[in-house]
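Engineer: Have a look at the structure that comes next, please.
The values are calculated or read from the model by the stated rules, or taken from the named source; none is laboratory data. Worth saying up front: this structure is predicted, and the values here are computed from it rather than measured. Positions of Cβ are backbone-derived with ideal geometry, glycine not excepted, and every protein chain shown enters the neighbour counts. Surface areas here come from the heavy atoms of the whole protein model, side chains and all, with no ligands, DNA or RNA. Shrake-Rupley method; radii C 1.70, N 1.55, O 1.52, S 1.80 Å.
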Amino acid sequence: SGVEVAVIVAASRMRHPLDARTLARLAVRYAGDQPGEVIGFGLSNDERAGQTSSWERAFAIARRGGLASMPHGGELLGPDHLREVVSCLGPTRLGHGVRAGEDPALLDAIVASGISLEVCPASNVSLGVYHSPDDVPLRRLMSHGAQIALSADDPLLFQSRLVDQYEIARTLGCDDAELAELARGSIRACLASPTAKQTWLAEVDAWLAAPDQALGAQSDGPEAGDLESRAIAR
């Protein structure tokens, strides 16, 4: 099927930070770049819970073990919190990070650091961060050069799948070239094998060269949402 799957072990903000250190050590024990092995360490649940610095030790353990840092942050709380997440947890990829759009200097620093943002428009609206999809600052993030991986976050919870996020991007004014770049960004941000990423990037280029033909025949390559679904598995 062309799908690659690996594991991200995520600590929870609702549990004690010592639990996160235990999980980080366990994650490192099973780290690797083969299918089914652990490639990243995250921090999930309500970002308003606890002090971000309390999880710094756990993320240091994970990074020393070669794992990518993938915490959630910058959705329910604003730039000050996001700045702390970046400083303490050293993210490779940020779950959300959309509130960086409120602080251009912070956003530019995130872009300069090479941190990717998982932007989940439907999730942002469902959780009341923004009133409507039109308020999601996707274009602002793009204009600052952010590498964005569009994501559905939790399709079962929010009743919005991945292609829906691309449809939102289209309603925000993204043309074919910009949609293709969003797909490329999600592929570059993922931790799949270099060979797979090269294949998927070529398929994005093929779609952009002939979008109607690509969408009309699976043999000519999947749509951007299908490409992203392959990448988001990692």
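Engineer: Need the C-alpha centroid separation for region 126-151 versus region 7-56, integer Å.
Structural biologist: Taking the Cα centre of each part, region 126-151 and region 7-56 sit 26 Å apart.
Engineer: Could you give the nm distance between label points at A209 and L26, where each point is 7 Å from its Cα heading toward the beta carbon?
Structural biologist: 4.7
Engineer: By the scheme Lys and Arg +1, Asp and Glu -1, what is the net charge of all other residues having a beta-carbon under 11 Å from that of A100?
Structural biologist: Charge balance in the 11 Å sphere: -1.
Engineer: How much length is gained if the chain between S1 and R48 is pulled fully straight, taking 0.36 nm per residue apart and subtracting their Cα-Cα distance, in nm to one decimal?
Structural biologist: Gain on stretching S1 to R48: 13.0 nm.
Engineer: Compute the FRET efficiency between T199 and E178 as 1/(1 + (r/R0)^6), taking r as their Cβ-Cβ distance and R0 = 25 Å, and round to the nearest 0.05.
Structural biologist: Efficiency, rounded to the nearest 0.05: 0.70.
Engineer: Now for a separate question. With viscosity set to 0.890 mPa s at 25 °C, what whole-number translational diffusion coefficient in µm²/s follows for region 1-66 from Stokes-Einstein and a Kirkwood radius over Cα pairs?
Structural biologist: In µm²/s, the coefficient rounds to 200.
Engineer: Per the Kirkwood definition applied to all pairs of different Cα atoms, how many angstroms is the hydrodynamic radius of the chain?
Structural biologist: Hydrodynamic radius (Kirkwood, Cα pairs) of the chain is 18.0 Å.
Engineer: Another question, then. Heavy-atom accessible area per residue, region 1-155, 1.4 Å probe: how many Å²?
Structural biologist: Value for region 1-155: 44 Å² per residue.
Engineer: Given 4 °C and 1.567 mPa s, how large is the Stokes-Einstein diffusion coefficient of region 22-100 in µm²/s, with Rh as the Kirkwood radius over Cα pairs?
Structural biologist: Value of D from the Cα-based Kirkwood radius: 102 µm²/s.
Engineer: Moving on to the next point. Where does region 126-204 land on Rg/Rh, using Cα atoms and the Kirkwood Rh?
Structural biologist: My calculation of the ratio gives 0.98.
Engineer: Moving on to the next point. With axes computed from alpha carbons, what is the tilt in degrees of helix 17-29 against the longest principal axis of the chain, rounded to the nearest 10 within 0 to 90?
Structural biologist: 60
Engineer: So, in nm, how far is label L76 from label L127 when the simple model puts each one 7 Å beyond its Cα toward the Cβ?
Structural biologist: Rounded to a tenth, the inter-label distance reads 0.7 nm.
Engineer: If you don't mind, there's one more thing I want to ask. Could you state the angle between the C-alpha long axis of helix 79-89 and the longest principal axis of the C-alpha atoms of the chain, as a value from 0 to 90 degrees rounded to the nearest 10?
Structural biologist: The two axes meet at around 70 degrees.
Engineer: Computing the accessible area with a 1.4 Å probe over protein heavy atoms, can you report the carbon and sulfur percentage for region 69-207?
Structural biologist: 52
Engineer: Just want to confirm a number: the relative contact order over the chain, from Cα pairs under 8 angstrom separated by 6+ residues, in percent.
Structural biologist: 15
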